[in-house]
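Worksheet: the structure to be examined is printed underneath.
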Amino acid sequence: MKNIKRNKEYKPEILQKLHTLQLEMLSDLQKICEKYNLEYFAVFGTALGAVRHKGFIPWDDDIDVGMLRKDYDIFIQVAEKEMGDKYQIMTPEIEKKYACCVTKFQRKDTKFISYLSDKLECDQCIFIDIFPFDCIAPEKKQARKQQMITLFLDRLIYLCGSAHPIIPYTGIKYYMAAGICWCVHYIAKIMHLSPRFIYRLFVKQCTKYNMIDTDVVTSFGDGSSLKYRSTVRKMFPLKKVEFENMTIEVMDNVDEHLKRTYGDYMKLPPIDQRVNHAPYIIDFGDIYK
């Protein structure tokens, strides 16, 4: 079982190139959204970077954006039609070997392969993560059930692609969890469970209450999904903030979003807790040649 280092330090010139390209990608994502009147908003580390640093968190290596499901569905349909020469959308629905529930907006002809995803048998490029936001069940018991099912399916889809996830334990607990993951991975292979099949179940659970329009939404697939929740009326209208050399959108209640996600978010974490995606292969193709 490998020990994955998630706070690997980049060479400054490599991280600068990565950030420059990701800003270009975000600008292109904005153009698509503007053309189709879609609303996106920075979330998680990107929202934190915008508020605390007016740009990237200095050690961060990706961009996170959210969309309400109705806008997300349209974006997925039109992105490659608009900019398919440069970009591809990666979901298990589109690429059956992609064993991850997070949607990626990828720059073609680049490579970004981390120790988290080195077993995936699909294109892995420099990316922006896109998180659809769906309605949470109106009752607490239903909401907890929705979170647990989506969390289970998210983990199961990952184990379809790899027997070696990050395990946050040590000692006997680590080896027990590692053994369970190994068994689940190979049982899934024997049963021919595909990431695409599980992803469809995942999306069905995420969107289960969207027709009810509870006004409370989150991005599912995480053990803290309910903590990330927000009411749509507080999220909108979106507001513009500075991000490096451009302007991006964040939730109107971005302070609430960041406090729910990170607590005292203006305080810098210790060096050993400054997480990134720990790439061991990064290739910009012909972009900087």
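None of the figures in this text is laboratory data; all of them are computed from the coordinates on show. Note that the structure is a prediction, hence the values are computed from the model and not measured. Every residue, glycine among them, receives a Cβ derived from its backbone with ideal geometry; neighbour counts consider all protein chains shown.
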Long-range amide H contacts for F243: which residues qualify at under 5 Å (H placed 1.01 Å from N, peptide plane, sequence gap of 5 or more or a different chain)?
I248
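Find out how many positive minus negative residues lie around K189, taking Lys and Arg as positive, Asp and Glu as negative, among other residues whose Cβ is under 15 Å from that of K189.
Values: positive: K96, K97, K119, R196; negative: E121.
Charge balance near K189 sits at +3.
Under 37 °C and 0.692 mPa s, how fast does segment 40-80 diffuse according to Stokes-Einstein, given a Kirkwood radius computed over C-alpha pairs? Answer in µm²/s, whole number.
Numbers: Rh = 11.2 Å.
My calculation gives 294 µm²/s for D.
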How large is the convex hull of the C-alpha atoms of segment 159-289 per residue, in Å³?
221
Output needed for segment 88-131: three equivalent-ellipsoid semi-axes, defined as square roots of 5 times the C-alpha gyration tensor eigenvalues, in descending order, whole Å.
13, 13, 10
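How long is the gain from K81 to Y186 if the chain were fully straight, where each residue apart is worth 0.36 nm and the alpha carbon distance is subtracted?
Numbers: separation 105, 0.36 × 105 = 37.80 nm, distance 3.72 nm.
Fully extending the segment from K81 to Y186 adds 34.1 nm.
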Using the Kirkwood radius over C-alpha pairs as Rh, can you work out the diffusion coefficient of segment 95-202 via Stokes-Einstein at 25 °C, viscosity 0.890 mPa s, in µm² per second?
159
Over the chain, what number does the Rg to Rh ratio reach, with both radii from the alpha-carbon atoms and Rh per Kirkwood?
0.94
Phi to ³J(HN,Hα) by Karplus 6.51 cos²θ - 1.76 cosθ + 1.60 over segment 243-248, Hz, x for Gly, Pro:
9, 6, 9, 9, 10, 10
For the chain, calculated [θ]222 nm from helices alone, where every DSSP H run of n ≥ 4 adds -39500 (n - 2.57):
-13000 deg cm²/dmol
Just to check I understand the Karplus step: with θ = phi - 60° and J = 6.51 cos²θ - 1.76 cosθ + 1.60, what whole-Hz values come out for segment 96-113, glycine and proline as x?
5, 8, 7, 9, 7, 8, 7, 6, 10, 9, 9, 8, 4, 6, 10, 9, 8, 10
In whole Å, what three semi-axes, largest first, describe the equivalent ellipsoid of segment 41-156 built from its Cα gyration tensor (square root of 5 times each eigenvalue)?
24, 19, 16
In whole angstrom, note down how far apart the Cα centers of segment 229-289 and segment 152-168 are.
25
Which whole-Hz ³J(HN,Hα) couplings does segment 167-172 yield from phi under the Karplus relation 6.51 cos²θ - 1.76 cosθ + 1.60, θ = phi - 60°, glycine and proline marked x?
10, x, 10, 10, x, 5
Skipping prolines and chain starts, which residues have an amide H placed within reach, meaning under 5 Å, of the one on I126, given they are 5 or more residues away or on another chain?
R107, T110, K111, F112
For A42, what residues show an amide H to amide H distance below 5 Å, using hydrogens built from the backbone and excluding near sequence neighbours?
G66, E249, V250, M251
Residues listed by number, segment 156-177, amide nitrogen under 13 Å from K119 label point at 7 Å toward C-beta:
156-167
Solution diffusion estimate, µm²/s, Stokes-Einstein, segment 1-90, Kirkwood Rh from C-alpha pairs, 10 °C, viscosity 1.306 mPa s:
108
